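Enquirer: Here it is, the structure in full.
The values are calculated or read from the model by the stated rules, or taken from the named source; none is laboratory data. Just so we're clear, the structure is a prediction, and the values are computed from it rather than from any experiment. Please note: Cβ atoms are built from the backbone with ideal geometry, for glycine as well, and neighbour counts cover all protein chains shown. Keep in mind that these areas ignore ligands, DNA and RNA; they rest on the heavy atoms of the full protein, side chains included. Shrake-Rupley method; radii C 1.70, N 1.55, O 1.52, S 1.80 Å.
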Amino acid sequence: MEPTIIREGYLVKKGTVLNSWKVVWVVLADDAIEFYKKKTDNTPKGMIPLKGATLTSPCQDFTKRTLVFKISTAKNQDHFFQATHLEERELWVKDFKRAITCLQGGKKFARKSTRRSIRLPENVNLSELYVLMKDQDNGVKELKVEKDKRLFNHCFTGNTVIDWLISEGKARNRPEGLMLATGLLNEGFLLPAGDVSKDGALGEDDPLGSIHLRGSVVTAVEYVPDE
């Protein structure tokens with residue numbers, strides 16, 4: 001039986017020999033990833049088996065590259081991919097994770113839902129969004145929070161962040177706000193305040209396939225990560 005194609009599209013991939021980053025056409029099947037020099041090619045440049053593979057996202061091995069995720073094969077070979085915008089990465093990562101999980105459990109891949117409620121712009125400038133959040137007059141109202149007998153400054157709840165994103169027109173609804181807030185957290189613009197909130201922020205069954213902020217406390221960091 002032919003493998004089922006789950007997702008295909010252009011991503012930027014780090015070369016395994018020359019270490020250069022190049023755009024490739026990626027085809028995700030239920031058991032492997034194939035990548036081509038261009039969409040019209042009939043023969044792939046390479047193939048990555050998914051059985052026994054693990055996925056790391058966000059991958060922060062490269063300080064000047066954001067939106068990177070890593071596939072590590074069962075033979076400990078690392079393959080790095082970069083998306084062009086946040087939603088694109090989250091869609092790929094969600095399908096990669098489910099494909100790997102289905103292979104491990106001997107199940108057939110099947111999507112549960114499409115995210116029709118999310119229509120974010122293709123390019124979201126997280127650095128600019130972070131600066132707006134820190135604005136003293138119109139940004140997110142910060143609190144001092146005590147957790148685990150420690151006092152954290154510059155804090156706010158995840159719900160507060162999402163409410164602010166919606167009120168400022170940066171997100172149309174809570175799913176979009178959650179995705180943007182997740183991106184800020186994943187890329188290091190925000191940090192969980194204390195171990196309790198960090199544990200509460202993690203959710204494997206989240207419908208967006210990433211970190212759930214509801215009820216957790218996050219704190220702004222005092223630097224802007226490299227672009």
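Enquirer: Express in Å², to the nearest 10, the accessible area of LEU103 obtained by rolling a 1.4 Å probe over the protein heavy atoms while all chains stay in place.
Expert: Its accessible surface works out to 60 Å², give or take rounding.
Enquirer: Calculate the dipole size of segment 10-87 relative to its Cα centre from +1 charges on Lys and Arg beta carbons and -1 charges on Asp and Glu beta carbons; express the result in debye to the nearest 20. The partial results should precede the final answer.
Expert: Details: 12 positive and 7 negative charges, 70 e Å.
Here the size comes out at about 340 debye.
Enquirer: Something else about it: Quick one: which residues, 5+ away or cross-chain, put their amide H under 5 Å from the amide H of VAL23? H built at 1.01 Å from N.
Expert: Residues meeting the criterion, in which the H sits 1.01 Å from N, are LYS13.
Enquirer: Tell me, what HN-Hα J-couplings in whole Hz come from the Karplus equation 6.51 cos²θ - 1.76 cosθ + 1.60 at θ = phi - 60° for each residue of segment 168-181, using x for Gly and Pro?
Expert: Result, rounded to whole Hz: 8, x, 7, 9, 7, 8, 5, x, 5, x, 5, 5, 5, 5.
Enquirer: Let me ask you something else. What nm distance separates the two modelled labels at VAL17 and ASP31, each placed 7 Å from Cα along Cα→Cβ?
Expert: 2.7 nm
Enquirer: Taking a temperature of 10 °C and a viscosity of 1.306 mPa s, what whole-number D in µm²/s does Stokes-Einstein yield for segment 1-66 with Rh from Kirkwood over alpha carbon pairs?
Expert: Values: Rh = 13.2 Å.
D, rounded to a whole number, is 121 µm²/s.
Enquirer: What residues qualify as long-range amide H neighbours of VAL124, i.e. H under 5 Å apart, gap of 5 or more or another chain, H built at 1.01 Å from N?
Expert: Those qualifying (amide H under 5 Å, at least 5 residues apart or on another chain) are LEU86.
Enquirer: Right, here's the next one. Taking θ = phi - 60°, what integer Hz values does the Karplus form 6.51 cos²θ - 1.76 cosθ + 1.60 yield along segment 124-132, in sequence order, with x for Gly and Pro?
Expert: These are the phi-based 3J(HN,Hα) values: 10, 8, 5, 4, 5, 4, 5, 4, 5 Hz.
Enquirer: Counting only the heavy atoms of the protein chains, how much of PHE62 is accessible to a 1.4 Å probe, in Å² to the nearest 10?
Expert: Result for PHE62: roughly 50 Å² accessible.
Enquirer: Here's another thing I want to ask about it. Can you tell me the accessible area per residue over segment 9-101, all protein chains present, probe 1.4 angstrom, in square angstrom?
Expert: Working: 4750 Å² over 93 residues.
On a per-residue basis, 51 Å².
Enquirer: Give LYS13/LYS38; LYS134/LYS170; LYS14/LYS37; LYS14/LYS134 a once-over and call out the pairs whose C-alpha atoms are over 23 Å from each other. All intermediate terms of the calculation are to be shown ahead of the outcome.
Expert: Details: LYS13/LYS38 13 Å; LYS134/LYS170 15 Å; LYS14/LYS37 13 Å; LYS14/LYS134 34 Å.
Correct reply: LYS14/LYS134.
Enquirer: While we're here: Can you sort ILE48, ILE5, ILE166 by solvent-accessible area, 1.4 Å probe, largest first? Write out the running numbers ahead of the final one.
Expert: Working: ILE48 0, ILE5 100, ILE166 55 Å².
Correct descending sequence by accessible area is ILE5, ILE166, ILE48.
Enquirer: Using a Förster radius of 35 Å, what is the FRET efficiency between ASN159 and TYR10 based on their Cβ-Cβ separation? Nearest 0.05, please. Walk me through the intermediate numbers first.
Expert: Numbers: r = 35 Å, r/R0 = 1.01.
The value I calculate is 0.50.
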